[in-house]
1. Among the residues of segment A:398-437 satisfying the criterion of being assigned to a helix (DSSP H, G or I) and under 19 Å from A:Leu478 (Cβ atoms), which is nearest to the other protein chains (Cβ to nearest Cβ)?
2. Can you name every one of the helices (runs of 4 or more DSSP H) wholly within segment A:457-525 that holds 3 or more residues which are under 17 Å from A:Gly447 (Cα atoms) and either touching a Ser or Thr at 6+ places or on another chain (Cβ under 8 Å) or not aliphatic (A, V, I, L, M) (or both)?
3. Can you say whether A:Ile385 is farther than 16 Å from A:Asp403 by Cα, in a strand (DSSP E or B) and either away from chain B (no Cβ under 14 Å) or touching a strand residue (DSSP E or B) at 6+ places or on another chain (Cβ under 7 Å) (or both), as far as the supplied structure shows?
4. Please work out if A:Arg212 is basic (Lys, Arg), in contact (Cβ under 8 Å) with a residue 12 or more places away in the chain and crowded, with 22+ Cβ neighbours inside 10 Å.
5. Give me the residue from segment A:177-204 that is in a loop (DSSP other than H, G, I, E, B) and more than 28 Å from the chain's Cα centre (by Cα) and, out of that set, nearest to A:His274 (Cα to Cα).
6. Filter segment A:337-347 down to the residues that are buried (at least 24 other Cβ atoms within 10 Å of the Cβ) and more than 14 Å from every other protein chain (Cβ to nearest Cβ) and list them by number.
7. Any idea which residue in segment A:315-336 is nearest to the other protein chains (Cβ to nearest Cβ), counting only those that are of a type outside the set (A, V, I, L, M) and over 17 Å from A:Leu265 (Cβ atoms)?
8. Which helices (runs of 4 or more DSSP H) does segment A:244-356 wholly contain that include 3 or more residues that are closer than 30 Å to A:Ala382 by Cβ?
Amino acid sequence: MNYFPDEVLEHVFDFITSHKDRNSVSLVCKSWYKIERCSRQRVFIGNCYSISPERLIARFPGLKSLTLKGKPHFADFNLVPHDWGGFVYPWIKALAKSRIGLEELRLKRMVVSDESLELLSKSFVNFKSLVLVSCEGFTTDGLAAIAANCRFLRELDLQENEVDDHRGHWLSCFPESCTSLISLNFACLRGEVNLGALERLVSRSPNLKSLRLNRAVPLDTLQKLLMRAPQLVDLGIGSYVHDPFSEVYNKLKIAIQRCKSIRSLSGFLEVAPHCMSAIYPIFGNLTFLNLSYAPGLHGNKLMKLIQHCRKLQRLWILDCIGDKGLGVVALTCKELQELRVFPSDPFGAGNAAVTEEGLVLVSAGCPKLNSLLYFCQQMTNAALITVAKNCPNFIRFRLCILDPIKPDPVTNQPLDEGFGAIVQSCKGLKRLSLSGLLTDQVFLYIGMYAEQLEMLSIAFAADSDKGMLYVLNGCKKLRKLEIRDCPFGDAALLEDVGKYETMRSLWMSSCEVTLGGCKSVAEKMPSLNVEIIDECEQMEFNLDDKQKVDKMYLYRTLVGHRKDAPEYVLIL
Amino acid sequence: MAKEGLGLEITELRLGLPGGGTEKNEKKRVFSEISEEEENEKSNGPPELQSKSQVVGWPPVCSYRKKNSFGDKDGSKTSKFYVKVSMDGAPFLRKINLALHKGYSDLVKALEKLFGEALRDAESCEFVPIYEDKDGDWMLAGDVPWEMFIESCKRLRIMKKADAKGFGVLQSRVALNGTLKE
């Protein structure tokens, strides 16, 4: 089989970078498996409980970059109790003991302790990049350890983490010798930072391309930072509050004009909308704009701003932009690929300012649109059908109608036909989230047409087991299925248990599956962990197979039951 | 700089009676305040919407975003910021939802409503609003931006200014006076 020496094959494999492709390569034959595994540097593990760190280390001795995901997606919405799991410490401990020269660690929805961060910072000489997304469990003390000990740190990127902020000194822990920073994002920190230390750090980081500040960084400092870092490509503004007639504001205008490379802008965690004109020069070049944490920007001021953004490819915004504002987006942002409209009232009291009209306008004006997250007041079948016609290129389509079982307000019908049109038209659809009044029919469409679908999120939908069965039978590429509050029971769950081995995970909460049904899955499929999350600890006293299970999470794994589950998690 | 009047308004609360003949109404107000509040809670939307908003995990907005999303247009947030309010001389404490108020002046009005009668009944002295922050320190209300205040305030106390003598409150008042003049 091998016509070339190993080194040549290895060189060829160097050009194969996607995880999927490298996984395929490793399956060709034994010698390709061996060459691939020894040369692999980047590994992605979508479920940290599917494999153990020891086995990872054994297979990929050349590992440099590791991505790990922990809790299931619905943990974002408080459906998973805090201490369910997803601890990174055992991974760092095992890697530290080994000879792995870890350089990059990317974590999502994991529990990260200060201890882990400290161990990480001291164990890998060439450690360069730490990215934490939606993680928790650490404080600014852990960050201080990273700053102090990682001599060649290039990237510290904290996105939407719950950090216990002990105020400020961690930034001062970057030694004077640290000049390698390329990316620093601490927007999610709530506390004060040492502004002087921040200025000095930015001054000695000539390669800094991405800087995202938290709300404790005032305009005054922002202006100074921009003067020192005109090469920035990505900027997250912390506080943008100032008197438009002050000297600082004038200085800011000058600083902004020097920043010709900024393509990505976010933040505005505090904003005075009448001061925006100073930064208008940036908007014309932006490809990514995130105003989803800036409720102070709305109405005409916001629309005026958007009109400058002719090159925008990705826009994250609050629904106070309104349908009218989305109309401005449709007219202006012809390059738009991704749109996310978040609710400005996150507690969902039904005050959403966008409807199906805004979405239709954007779909008509932005033909390149391929990724959508849209929280809205209502949706109609007609609108969805129009959107499907206008934008056949959707890869991600997530629609959230704030009233989860609301029908089409015009016809009073379920939204089956609308979503059906989406899946039929968008042949490349990989991710779909449904809402509104939906019957089994929409699932028939999904099973029939959504051939590329990998992730499906369902809530308050369907009439019977048939809905789930259509999906499981039809969507061959399905990897993640998460369901809440649907009438799916054991019959659907047990129809094809082998299917779950082809998927990463299945989540079902507030459905009709019983303990007996879950036990049955576990018995038939030893390669799955079937977890029952039982916060009320009913199962302890009443192990009746007929009892309905409140929350079930099952996932394929090569390493059997995990040992770190809390008491209220029953692994069958 | 927002001219919020800050603590100045509350320190200027006078405790003479507002102008006679309103005793009955005041008494009504004390009780009706309670029932008023209940009515307000009920009228926050039709019952179906109310119960929907209590569904766990719906709408599917990630908890980080929920915690960091302030300032919707009409100020109708569900409460996450109830703090106890004590007043020197008042026999019992009250609770107030900081999230429902837009700023310090709004807060002062609410406190006046809560403690109206007690404020009027006390001998003519002035009051200072102070709060206990996350570090356990007692701070004069009004120094920091409103959003920062909500986050760090653990409880409120309406303290007699006489008790605050020697704690730099007078000086702050002068400072506040100064800025207001600008």
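The values are calculated or read from the model by the stated rules, or taken from the named source; none is laboratory data. Quick caveat: nothing in here was measured; it's all calculated off a predicted structure. Note: ideal-geometry Cβ built from the backbone for every residue, glycine included; neighbour counts use all protein chains shown.
1. Among residues in segment A:398-437 that are assigned to a helix (DSSP H, G or I) and under 19 Å from A:Leu478 (Cβ atoms), the one nearest to the other protein chains (Cβ to nearest Cβ) is A:Phe419.
2. Per the criteria, A:465-474.
3. When the stated conditions are applied, A:Ile385 does not pass them.
4. Here the answer is yes, as A:Arg212 does meet what is asked.
5. A:Asn194
6. A:Leu339
7. Residue satisfying both the conditions and the ranking: A:Cys320.
8. Qualifying helices (runs of 4 or more DSSP H): A:299-306, A:322-332.
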